[in-house]
Each structure stands twice: as C-alpha cells, then as structure tokens.
Amino acid sequence: MRRVQYERSSGPGVLEVVAAEVPVPGAGELLVRVEAIGVTLSAIRRISEAQPSRAEVAGEVVAVGDGVDGYSEGYRVVGVCAADAYAEFVLLSVDQASAIPDGASAVDAVALMRSGLVALGALDTVAPREGETALVTAAAGGVGHLAVQLARVRGASWVVAAVSDEGKADFVRELGADEVFVYDQLHCGKQADYALDGVGGSGLATALTGLAEGGRAVTYGSSGVLDTEDLLAGGKTLTGFRIGRLAQRDPARYEDLRQEVWQHYAAGLLHPVVHAEFPLDDAAAAHAVIEQRANLGKVVLVP
C-alpha cells in the first residue's frame with residue numbers, strides 16, 4: 001500500500017508517499033480500506049512535530065481483529081485513526097468507528113462527522129436557548145461552517161459569523177448567517193448571547209467583544225494568552241471544549257451526539273461542504289490550503 005510520511009532533514013520537513021505493508025488488525029481493531037481522509041489544523045500540527053498522523057478516515061472494513069462485535073467485512077465506517085492515517089489502509093479502533101448511513105459518501109462522512117461532533121458538542125456546552133443570538137468565529141472552516149448551521153438548528157434566531165476575509169462572506173451567508181464580519185471590523189448589529197470560537201489564542205478576543213453582557217463563550221480553538229478585562233467587566237463566561245475529552249469521559253453522550261449529527265444530515269438540515277479533494281501525493285498542497293486559512297468548508301485527501 002501507499003502511505004504519506006513526514007521526513008525532516010536539515011531543512012524544512014517534507015511530506016512524501018512511501019510503500020508500506022498493509023497493517024494487520026489487532027484485538028478490537030478494524031482494517032479499513034480508506035476512501036477519504038479529513039485534513040485538519042490539529043492533524044497538520046501533529047505531523048509537523050513528527051508525531052503520528054491522527055485524522056478522520058472513512059472507508060470499507062476489509063478485516064476485523066479479535067473481540068470485534070457489530071462490524072464485519074464490507075461495512076462502511078468513519079472514525080478517528082490514531083496513527084498513520086494518511087494511507088490507503090488504516091487500523092481503526094472499534095470504539096472510534098461509526099457506521100456510515102446509506103446514501104452518505106465517504107467524503108461527506110469525513111467532512112461531517114468529527115467536525116460536526118465538535119460543533120455540536122460546543123453548542124451543548126454553551127447550552128443555547130430558543131431565540132438567542134449566536135456568534136460563530138472561523139465560520140467558513142471545517143467546523144465553523146457546520147456550527148453556523150447547527151446554531152440555527154438548535155434555535156438561534158440570529159447568527160453572526162466572523163471570518164478572516166471578505167471573500168468568505170457570501171459562503172457563510174448561503175449557509176444561514178444573518179451578519180458576516182471580518183475579525184478586525186467586528187461590530188455586531190446584535191450582540192450575541194453566546195459564541196462558538198474556533199480561532200482561540202488572541203483571536204478569542206473577537207468572540208468576547210461580540211458578546212452581550214452576561215454572554216457565554218465556548219472555545220475549541222488553539223490556546224493562547226487572553227486579556228480577561230472584557231470577560232470581567234461584562235460578566236461573561238468562557239469554557240474550553242475538546243471533543244476527545246468528551247469521548248473519554250462520557251462515551252454515552254458522545255454517541256448521542258454522533259447519532260444527532262447523522263439525523264440532522266439525513267433530515268437535510270446539515271450540509272457538509274468540501275472545499276477540495278486532493279490525492280495522497282498532494283498532501284502538502286492540502287496542508288497549505290488549511291495553513292493559509294483559504295478553505296471554505298472541509299479539505300479532504302482521497303487515496
């Protein structure tokens with residue numbers, strides 16, 4: 001099989017496709033012939049640090065390890081692969097696998113599942129109430145474009161979207177955003193009751209600025225230093241969220257969210273958008289799109 005690996009020499013590291021043995025599933029594992037791989041900023045950072053490539057994958061089960069119940073050869077699944085995810089065949093722990101419903105493509109599955117879980121989990125954390133105003137940052141990204149839609153599904157009466165440049169404004173409006181602002185121009189016509197932040201770091205200040213007094217924010221973006229003055233003066237709250245933590249601490253709730261994502265998709269309420277599909281040989285180009293914040297929706301590798 002073919003697999004992408006990261007090689008670091010005296011200069012910048014490079015991604016290259018190499019020949020590798022097809023792995024053998026161990027206890028509790030599925031061997032999956034990969035049809036689509038989701039590219040995320042967190043996966044890129046792991047690879048650039050020479051850590052095992054961890055990413056969303058979707059495809060067909062071709063072998064199962066000992067102790068696996070509920071899956072057999074021929075099943076189509078999506079889930080997070082812990083290592084060597086950029087490959088034609090991967091090992092997927094059965095507790096990370098979710099069956100792909102009939103009618104959904106592998107590309108849709110990787111665009112929807114992990115990113116949708118993050119967006120929906122963040123919404124659950126902020127506890128939205130019917131009729132509230134929502135603010136979504138990084139609204140054109142893989143998670144953000146789903147968060148815009150899910151905020152509406154969960155009862156938001158007005159959705160404000162923050163993006164990195166004006167070229168993304170029409171895209172998020174088509175997804176249901178009522179107002180769109182570039183970060184340094186944020187001046188919400190309606191202050192938000194809650195914010196879902198995918199930027200993190202210094203960009204988190206944008207979300208807090210857009211909140212009404214007493215507003216709530218949940219961030220699933222990267223870490224960084226934050227000036228807490230606005231938080232204190234406005235009586236606002238901020239909560240951090242990671243989907244992996246939820247999966248470990250409350251697997252039943254994680255499964256409920258997973259089923260809810262598929263239900264909204266089947267009902268036509270949630271539409272994953274794929275910015276581009278790249279072959280494995282062009283993994284570096286896929287990374288560049290994400291790193292430059294140029295994507296509208298999800299970036300996908302197709303072996």
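The values are calculated or read from the model by the stated rules, or taken from the named source; none is laboratory data. Worth saying up front: this structure is predicted, and the values here are computed from it rather than measured. Cβ sites come from the backbone with ideal geometry, for glycine too, and all protein chains shown count toward neighbours. Just the protein is used for accessible areas: all its heavy atoms, side chains included, with ligands, DNA and RNA removed. Shrake-Rupley method; radii C 1.70, N 1.55, O 1.52, S 1.80 Å.
Here are the numbers for this structure:
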quantity: Distance cut-off 27 Å, percentage of C-alpha pairs in region 151-293 lying past it; calculated: 33
quantity: Linear extension gain, ALA276 paired with GLN185, 0.36 nm per residue minus alpha-carbon span; calculated: 29.9 nm
quantity: Percent RCO, i.e. relative contact order, over region 7-120, from Cα pairs under 8 Å lying at least 6 residues apart; calculated: 28
quantity: Ratio Rg/Rh [Cα only; Rh per Kirkwood] for region 125-175; calculated: 0.96
quantity: Per residue accessible area in Å² of the chain, where ligands, DNA and RNA are left out and the probe is 1.4 Å; calculated: 44
quantity: Equivalent ellipsoid dimensions for region 232-276 as semi-axes, Å, which come from the Cα gyration tensor, largest first; calculated: 27, 18, 12
quantity: Rough spin-label spacing in nm, given labels placed 7 Å along Cα→Cβ, for VAL14 and ALA252; calculated: 5.3
quantity: The chain: DSSP helices with Cα axial extent of at least 27 Å and average Kyte-Doolittle hydropathy no lower than 0.0; calculated: 106-126
quantity: Within region 165-303: Cβ-based charge dipole about Cα centre, in debye rounded to nearest 20 (Lys, Arg +1; Asp, Glu -1); calculated: 480
quantity: The chain, dipole about Cα centre (Lys/Arg Cβ +1, Asp/Glu Cβ -1), debye to the nearest 20; calculated: 360
quantity: GNM top mover of GLY198, GLY74, GLY215 - the chain, alpha-carbon springs below 10 Å; calculated: GLY74
quantity: Given [x] 1.01; [y] 0.98; [z] 0.96, the label whose value is Rg/Rh (Cα atoms, Kirkwood Rh) derived from this model; calculated: [y]
quantity: Restricting region 35-87 to GluC sites (Glu not before Pro) in coil, as DSSP defines it, with at most 13 other Cβ within 10 Å; calculated: GLU49, GLU73
quantity: DSSP beta bridge pairing in the chain, given as percent antiparallel to the nearest 5; calculated: 55
quantity: Antiparallel content of DSSP bridges confined to region 62-210, in %, to 5; calculated: 20
quantity: For the chain, built as a Gaussian network whose Cα springs stay under 10 Å, the top-fluctuating residue of GLY176, GLY131, GLY116; calculated: GLY131
quantity: Hull shadow area, averaged, region 6-145 [alpha-carbon convex hull, nm²]; calculated: 11.0
